[in-house]
Amino acid sequence: MRRRQGLLLIADGLGDRPIPSLAGRTPLEAAATPNMDFFAARGMCGNVHPYRPGIPVGTDVGHLLIFGLDPDRVYPGRGPLEAYSAGVAMEPGDIAFRGNFATVDASLKVLDRRAGRIAERTGELASAIDGATLGGTLVLAKPLTQHRVAIVFRGRGLSPEVSPTDPGAAGLPLSVCRPRDEAAARTAALVNGFTALCRERLEEHPVNLERRAAGKPPANMVLLRGCGRTGEVTPITRQFDIRCACVAGDLTVLGIARLAGLETFHDPAFSGGTRSDLAGKARQAVACVRQGFDWTVVHVKGPDLCGHDGNPSDKIRVIEEIDAMFGQFRHELDLQRMIVSLTADHSTPCEKGDHSGDPVPTFVSGPTVRRDGIAEVGESAFRAGSLSGLSATDIFRIQLDQLDLMPKRGA
Ligand SMILES: [Zn+2]
């Protein structure tokens, strides 16, 4: 085992703006956070740009950056990200789509792009398609949350340069897939074959017979969009020869973590939104550290959901629960050999109800880390910290350097 180990907590959407009902404080500043304050005082702090100043990012791009990957080089598109989220290990040459279970009529007019927001038994419907072959190409279909399904084509000579079959709105006919260049002609034909396959296997599927009998729209089609292929992504675990763990419940985060080479740890109790089992997540993170992982990342979705809901008091409650996780780290780990950090993938201010380009509160703490002398966490207090103005990529490197894992440049 190495001399030191890293533990990073990602509080999704943590950053916020001053809120009048909190006397101009942010939820992080208004929350009681004795444990986060303890760690912040033992290290460097600051407001960190997830990507570039003023550019809001999605959870996918935010996490690529936190994991040390460059989204301008490796961003594989939504289709492959959904495939990773569904647990498919993409192979070189695979192409992947975002799929929706939808309702179409006999003329393939789309009646409902989400099949009445179907949420049950989509695994059975996906199984009806999963493993099928189209002209020697294998089709993988893995259910995601609600009406979403990841579709992967595996075979020779596939191209991602094809148009979607999802017309984008109900009332329109399902789109015929067209190639965007000559090399994609065969792939487009396969996609249109996939539409026929869905028709054949889903129309009379027992799940759909039951849905019709219950007056619900059948999920008798899969609409495809967002086709992409993963580039040559070198997992960070191979790049730095390290073992990394990710404890999360959110499928997007788990997908990005797999793409980056992290081993994933999840449990149904971890995906409870603002009522997720945070103490259980902290216990799993502590277990990963004890198992010897060089870098363990634990993700909490709650702050982002509260920001989207525009609910500062809920955000404060979730932040205080996150503080209790830091309490578990403080009392259960040997802090003499730990680099403990906090960051976020982006800000989700309650006032905006969406992601913003504001930099995110971040600290990197440990016995070997220089101290900024900042005694409490908060966007205002962190403005004076040594990490302010840096990027998520910088924070990734700083953590690895603290773990003695960053190769030297030069002799
Ligand atoms: Zn996010």
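Structure summary
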item: Only listed residue being within 16 Å of the ligand (Cβ to nearest atom) and of a type in the set (Gly, Ala, Ser), chosen from Gly302, Gly292, Gly327; result: Gly302
item: Qualifying residue in the range 237-245 (condition: among the small types (Gly, Ala, Ser) and within 21 Å of the chain's Cα centre (by Cα)); result: yes
item: When residues of the range 34-78 are limited to those that are out of contact with any His (no Cβ under 8 Å at 6 or more places or on another chain) and of a type in the set (Gly, Ala, Ser), the one surrounded by the fewest Cβ atoms within 10 Å (Cβ to Cβ); result: Gly54
item: Candidate set from the range 40-50 (those that are more than 23 Å from Asp314 (Cβ to Cβ) and touching a helix residue (DSSP H, G or I) at 6+ places or on another chain (Cβ under 6 Å)); member that is nearest to the ligand (Cβ to nearest atom); result: Val48
item: Residue match in the range 242-251 (condition: more than 30 Å from Gln284 (Cα to Cα) and surrounded by 21 or more Cβ atoms within 10 Å (Cβ to Cβ)); result: no
item: Test: residue in the range 343-361 that is of a type in the set (D, E, K, R) and farther than 27 Å from Ala384 by Cα; result: no
item: Within the range 333-354, considering residues that are within 11 Å of Gly43 (Cβ to Cβ) and β-branched (Val, Ile, Thr), the one farthest from the ligand (Cβ to nearest atom); result: Ile339
item: Residue count for the range 355-397, restricted to those that are in contact (Cβ under 8 Å) with a residue 24 or more places away in the chain, over 21 Å from Ile55 (Cβ atoms) and among the hydrophobic types (A, V, I, L, M, F, W, C); result: 7
item: Matching residues in the range 1-17 - criterion: being surrounded by fewer than 17 Cβ atoms within 10 Å (Cβ to Cβ) and within 27 Å of the chain's Cα centre (by Cα); result: Arg17
item: Pairs, first modelled with pLDDT of 90 or more in the range 135-147, second assigned to a strand (DSSP E or B) and aromatic (Phe, Trp, Tyr), C-beta under 6 Å, six or more apart; result: Thr137/Phe153; His147/Phe101
item: Spans of helices (runs of 4 or more DSSP H) in the range 173-254 with at least 3 residues among the charged types (D, E, K, R) and within 27 Å of Asp70 (Cα to Cα); result: none
item: Selection within the range 1-39 - within 16 Å of the ligand (Cβ to nearest atom) and among the acidic types (Asp, Glu); result: Asp12, Asp16
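Condition check ((1) assigned by TED's automatic domain parsing to the domain that holds Phe363; (2) over 23 Å from Arg330 (Cβ atoms); (3) among the hydrophobic types (A, V, I, L, M, F, W, C); (4) in a helix (DSSP H, G or I)) across all residues:
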{"residue": "Ala32", "(1), (2), (3), (4)": "yes, no, yes, no"}
{"residue": "Asp37", "(1), (2), (3), (4)": "yes, no, no, yes"}
{"residue": "Met44", "(1), (2), (3), (4)": "yes, no, yes, no"}
{"residue": "Asn47", "(1), (2), (3), (4)": "yes, yes, no, no"}
{"residue": "Arg52", "(1), (2), (3), (4)": "yes, yes, no, no"}
{"residue": "Val57", "(1), (2), (3), (4)": "yes, yes, yes, no"}
{"residue": "Val61", "(1), (2), (3), (4)": "yes, yes, yes, yes"}
{"residue": "Leu64", "(1), (2), (3), (4)": "yes, yes, yes, yes"}
{"residue": "Leu69", "(1), (2), (3), (4)": "yes, yes, yes, no"}
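The values are calculated or read from the model by the stated rules, or taken from the named source; none is laboratory data. As the structure is a prediction and not an experimental result, all values here were calculated from the model. Positions of Cβ are backbone-derived with ideal geometry, glycine not excepted, and every protein chain shown enters the neighbour counts.
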